[in-house]
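The values are calculated or read from the model by the stated rules, or taken from the named source; none is laboratory data. On a predicted model such as this, the values are computed, not experimentally measured, just so you know. Note: ideal-geometry Cβ built from the backbone for every residue, glycine included; neighbour counts use all protein chains shown.
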Amino acid sequence: MEVHLQSLFDLTGKVALVTGGSRGLGREMVRAFAAAGADVVVASRKLENCVRVAEEVRALGRKALPVACHVGRWEEIDRLVDAAYKEFGRVDILVNNAGMSPLYPSLRDVSEDLFDKVLAVNLKGPFRLASVIGTRMAEGSGGVIINVTSVAAERPTPFEAPYAAAKAGLNTLTVAFAHAFGPKVRVNAIEAGPFATDVARYWDREAVENYVQSQAALRRIGKPHEIVGTALYLASDASSFTTGAIVRVDGGMR
């Protein structure tokens, strides 16, 4: 069989929905999908941020729909799905990228409200989105779901315990949904390491860099655009025999 490498990564005619798509890794994936030919639904909590990224997509010659959505709230998720299908009639690529990991002084100080919010955004919301859109994909012409998880799922620290638990759950859902929606829908996860996104401004930068220096084979924090290659691979026909996989993009963390 002759393989045309460029066509493997071509997303022309596809519609992608990216949560947390207005900044950080989400914005990088939105722009990459548009550059590869996809129209994009840009979702995040603040509409004005979504509108700004949607304008960047249109500048690349693709269609874009900005939608404000708090993914921890199922009624907002359902409105997001309705808006996407009303605008484009389909979703071919779903990226569950939105996440949150608030700082806390100690495990004893983690409130019930904080715990519930972290699990809602990082686990409950992706479950709902993947359930609703994955079902429609499986009943239609198929599609791809990409869950953005974290190295914390496998190597948690005391400073991110609820977040790590939620991401470990999302790894589990990735495998479960791959079997639930196969063979027409492929479901994979990107297990991301530390990236220098705007969230990094809340880090103790020196402590994180020292940790990465001691634990990562590449000895550095990732740059946001370095998520793009894996995202395009998993979103496209280049990964046609890949499903239920947890792909580490973490600089080689121990």
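Okay, here's what the table says:
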{"read-out": "Residue satisfying all of: in segment 190-243; part of a loop (DSSP other than H, G, I, E, B), of a type in the set (Gly, Ala, Ser) and over 19 Å from Leu25 (Cα atoms); modelled with the highest pLDDT among these", "value": "Ser240"}
{"read-out": "Number of positions in segment 84-102 that are within 15 Å of the chain's Cα centre (by Cα) and either assigned to a helix (DSSP H, G or I) or hydroxyl-bearing (Ser, Thr, Tyr) (or both)", "value": "1"}
{"read-out": "Residue within segment 230-246 that is touching a strand residue (DSSP E or B) at 6+ places or on another chain (Cβ under 7 Å) and more than 24 Å from Gly140 (Cβ to Cβ) present", "value": "yes"}
{"read-out": "Residues satisfying the stated conditions in segment 171-184, i.e. more than 19 Å from Thr149 (Cα to Cα) and either in a helix (DSSP H, G or I) or in contact with a strand residue (DSSP E or B) (Cβ under 7 Å, 6 or more places away or on another chain) (or both)", "value": "Ala180, Phe181"}
{"read-out": "Which listed residue, of Ala207, Ala120, Ala138, Ala192, is of a type in the set (A, V, I, L, M, F, W, C) and touching a Leu at 6+ places or on another chain (Cβ under 9 Å)", "value": "Ala192"}
{"read-out": "Positions within segment 33-49 being surrounded by 23 or more Cβ atoms within 10 Å (Cβ to Cβ) and hydrophobic (A, V, I, L, M, F, W, C), in sequence order", "value": "Phe33, Ala34, Ala38, Val40, Val41, Val42, Ala43"}
{"read-out": "Residue identified as in contact (Cβ under 8 Å) with a residue 12 or more places away in the chain and within 19 Å of the chain's Cα centre (by Cα) among Lys46, Lys63", "value": "Lys46"}
{"read-out": "Scope segment 1-30; condition of a type outside the set (Gly, Ala, Ser), in a helix (DSSP H, G or I) and surrounded by 21 or more Cβ atoms within 10 Å (Cβ to Cβ); matching residues", "value": "Leu25, Arg27, Glu28, Met29, Val30"}
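Okay, residues lined up against (1) charged (D, E, K, R); (2) more than 26 Å from Ser7 (Cα to Cα):
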{"site": "Asp39", "(1), (2)": "yes, no"}
{"site": "Ala43", "(1), (2)": "no, yes"}
{"site": "Ala54", "(1), (2)": "no, no"}
{"site": "Arg58", "(1), (2)": "yes, no"}
{"site": "Ala64", "(1), (2)": "no, no"}
{"site": "Arg73", "(1), (2)": "yes, yes"}
{"site": "Leu80", "(1), (2)": "no, yes"}
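Quick grid of which residues meet (1) out of contact with any Asp or Glu (no Cβ under 9 Å at 6 or more places or on another chain); (2) charged (D, E, K, R):
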{"site": "Glu160", "(1), (2)": "yes, yes"}
{"site": "Thr172", "(1), (2)": "yes, no"}
{"site": "Arg186", "(1), (2)": "yes, yes"}
{"site": "Val208", "(1), (2)": "yes, no"}
{"site": "Glu226", "(1), (2)": "no, yes"}
{"site": "Thr230", "(1), (2)": "yes, no"}
